[in-house]
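Working notes for the structure below.
The values are calculated or read from the model by the stated rules, or taken from the named source; none is laboratory data. All values reported here derive from a predicted model rather than from experimental measurement. Here the Cβ positions follow ideal geometry from the backbone for every residue, glycine too, while neighbour counts run over all protein chains shown. For the accessible areas, the whole protein counts, side chains as well, though only heavy atoms, and no ligand, DNA or RNA atoms are used. Shrake-Rupley method; radii C 1.70, N 1.55, O 1.52, S 1.80 Å.
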Amino acid sequence: MTDSNTKPRSDERHKARQQKVKEAVDARVAAANVEKGVLMVITGNGKGKTTAGFGTVVRAVGHGKKAAVVQFIKGNWDCGERKLLEGAGVPFEVMATGFTWETQNRETDTQAAEKAWAQAEIWLKDETIDLILLDELTYMLSYHYLDLDRVLNAFNNRPPMQHVIVTGRNCHRQLLELADTVSEIDCVKHAFESGVKAQPGFDY
């Protein structure tokens, strides 16, 4: 026979545990009183890095913030996010050479990366831009198309309230150390490995 007092006691214990959780969360929220531009890196071998970056751009635009996007590597794809965000007034700089394993031309890729980064540097000095997404920038560093010190210097000297998101695999250690927030997306399964092709509206 069930004790009629069991459920009230259980409810009280649950409430007490949740109250402790709330107090801990409230304390952390109260302690986080610094306002500054955040440098975020989204890396790892899993799918969704670019999608996460664009999600934050949409969030910023939804709050009336000004955002800008530089796309490295995948810039010649028919990009659904670009269609939407350009219509909302977000400027894009696109490195339209495509994937480096398709061009197989280091000189051409380096020139294209330099051109895209030159625009990024302009935006990284613009106090009116609240958020910049540098999609797939990590590859430009690992392939040595861009100078690491030049990139880090631009990040260090950007306007103090400007947020920057960098996406891509194999992020350089020094960039990881500089970043305020680092998220790593792991790959557990990927439809492509089962022969499912990339599809518009879901993959790009």
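Observations, loosely collected:
- Relative to the longest principal axis of the Cα atoms of the chain, the long axis of helix 6-31 lies at roughly 40 degrees.
- Entries of Lys15/Lys49; Lys49/Lys115; Lys83/Lys125; Lys22/Lys47; Lys20/Lys65 with Cα pairs more than 28 Å apart: Lys15/Lys49; Lys22/Lys47; Lys20/Lys65
- Net charge, Lys49 excluded, C-beta distance under 9 Å - Lys, Arg +1, Asp, Glu -1: 0
- Potential extension, Arg28-Gln119 segment - 0.36 nm per residue separation minus Cα distance: 29.0 nm
- Environment charge of Asp147, counting only residues whose C-beta is closer than 12 Å and scoring Lys/Arg +1, Asp/Glu -1: -2
- When only alpha carbons are used to place a centre, the range 38-83 and the range 177-204 end up 13 Å from one another.
- Additional length obtainable on full extension of the chain from Gln111 to Val58, 0.36 nm per residue less Cα span: 16.1 nm
- Between Val182 and Val41, the built amide H atoms are under 5 Å apart, and every one of these is 5 or more places off in sequence or on another chain.
- Computed over protein heavy atoms with a 1.4 Å probe, the accessible surface of the range 162-204 works out to 72 Å² per residue.
- Loop-located trypsin sites (Lys or Arg not before Pro) in the range 100-158 whose Cβ has at most 14 other Cβ within 10 Å (DSSP): Lys125
- Sparsely packed GluC sites (Glu not before Pro) within the range 79-168, loop by DSSP, other Cβ within 10 Å at most 16: Glu127
- Angle between the chain longest axis and helix 49-62 axis [Cα atoms, degrees, rounded to 10]: 80 degrees
- Carbon and sulfur %, accessible surface of the range 76-204 computed with the full protein complex present, 1.4 Å: 49 percent
- Net charge of neighbours whose Cβ lies under 15 Å from the Cβ of Val90, counting Lys and Arg as +1 and Asp and Glu as -1: -1
- Helix axis angle, 106-123 relative to the chain longest principal axis, alpha carbon, degrees: 60 degrees
- Whole-number accessible area per residue in Å² for the range 23-160, which is evaluated in the context of all protein chains at 1.4 Å: 52 Å²
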